[in-house]
Amino acid sequence: MIADERIFPATVMPDQDWWYALWPDPEAVVEALGIAPGMLVIDLGCGDGHFTAAIGRRVGSGRVIGFDLDPAMLDQSRTACRGMTNFTWVLGDAMDLDRLIDERADYVLIANTFHGVPDKTELAREVAKVLKPDGCFAIVNWHPVPREKTPVLGQPRGPHTELRMSPEQVFAVVQPAGFERERVVELPPYHYGAIFRKATTREIQQHGGCCDPG
């Protein structure tokens, strides 16, 4: 990654050898997360395009916005998606998501980087602003187990143990931004997907919230 203080801590893109060893079937992951044909999906922090390309194949006549802060990663993602025409690419800071994207998406995915976000609730608020009513926000995280218990290709991998979050911890920081918990999907061997739905104004009022879901 480029040396930029805005990049979330502990979210460096892994080497491709163990990245592909960990996720040998990205299409199955994308399907399990509920991404469907025809959707407009934002892949937030698209990295080297491993999931981005799978999303593009999954949505078909829909569209994917690949979003990343690192121009080198965005170039890698473009390369991974070469030959597909249902992509738009945006370079920018995720905390400026609403300013940089003027469309409303059906689905936003952030994979393997949420643990390093300094202000997680504020990022979730940005996501809520760019989602359609009832749109979905999915966060793919490492399970909160010791790092030495998540080896890939024979070595401990993933974020430091203290950075890992349980689904309940994720819910606690995302719900105040205007989301309802939908479900948690197991993504073996070491991950889960926490899926949220953008709440209606009535649902937010029922929870005593005051934030604007957008």
Within the group LEU74, LEU163, LEU69, which residue is touching a residue at least 60 places away in the same chain (Cβ under 8 Å), in contact with an Asp or Glu (Cβ under 7 Å, 6 or more places away or on another chain) and either within 21 Å of VAL30 (Cβ to Cβ) or not aromatic (Phe, Trp, Tyr) (or both)?
-> LEU69
Some residue of segment 89-110 being among the hydroxyl-bearing types (Ser, Thr, Tyr), crowded, with 17+ Cβ neighbours inside 10 Å, in contact with a strand residue (DSSP E or B) (Cβ under 7 Å, 6 or more places away or on another chain) and farther than 24 Å from ALA172 by Cβ | no
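Looking only at segment 169-188, filter to residues that are in contact (Cβ under 8 Å) with a residue 12 or more places away in the chain and among the acidic types (Asp, Glu); which one of those is surrounded by the most Cβ atoms within 10 Å (Cβ to Cβ)? First the steps, then the outcome.
The first filter runs over segment 169-188 and keeps only residues in contact (Cβ under 8 Å) with a residue 12 or more places away in the chain, leaving 169-171, 173-185, 187.
Filter once more, so that each one left must be among the acidic types (Asp, Glu): 180, 182.
Numbers: GLU180: 16, GLU182: 14.
Taking the candidates together, the pick is GLU180.
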Can you tell me which residue within segment 170-210, out of those that are in contact with a Pro (Cβ under 9 Å, 6 or more places away or on another chain) and within 15 Å of LYS129 (Cα to Cα), is modelled with the lowest pLDDT?
-> ILE204
Would you be able to tell me the number of residues in segment 71-86 that are buried (at least 17 other Cβ atoms within 10 Å of the Cβ) and touching a helix residue (DSSP H, G or I) at 6+ places or on another chain (Cβ under 6 Å)?
-> 3
Across segment 150-185, the tally of residues that are part of a helix (DSSP H, G or I) and of a type in the set (A, V, I, L, M, F, W, C) stands at 7
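Please determine, by comparing only the residues of segment 170-198 that are among the small types (Gly, Ala, Ser) and within 13 Å of the chain's Cα centre (by Cα), which one is nearest to ALA111 (Cα to Cα). Outline the logic, then answer.
Residues of segment 170-198 among the small types (Gly, Ala, Ser): 172, 177-178, 193-194.
Narrowing further to those that are within 13 Å of the chain's Cα centre (by Cα): 193-194.
On the way: GLY193: 9, ALA194: 10 Å.
For segment 170-198, the residue satisfying everything is GLY193.
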Considering segment 124-156 alone, what residues qualify as being of a type in the set (Lys, Arg) and surrounded by 19 or more Cβ atoms within 10 Å (Cβ to Cβ)?
-> ARG125
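The values are calculated or read from the model by the stated rules, or taken from the named source; none is laboratory data. In this text, all values refer to a predicted model and were calculated from it rather than measured experimentally. Because the Cβ atoms are built from the backbone with ideal geometry, glycine has one as well, and the counts that use them run over all protein chains shown.
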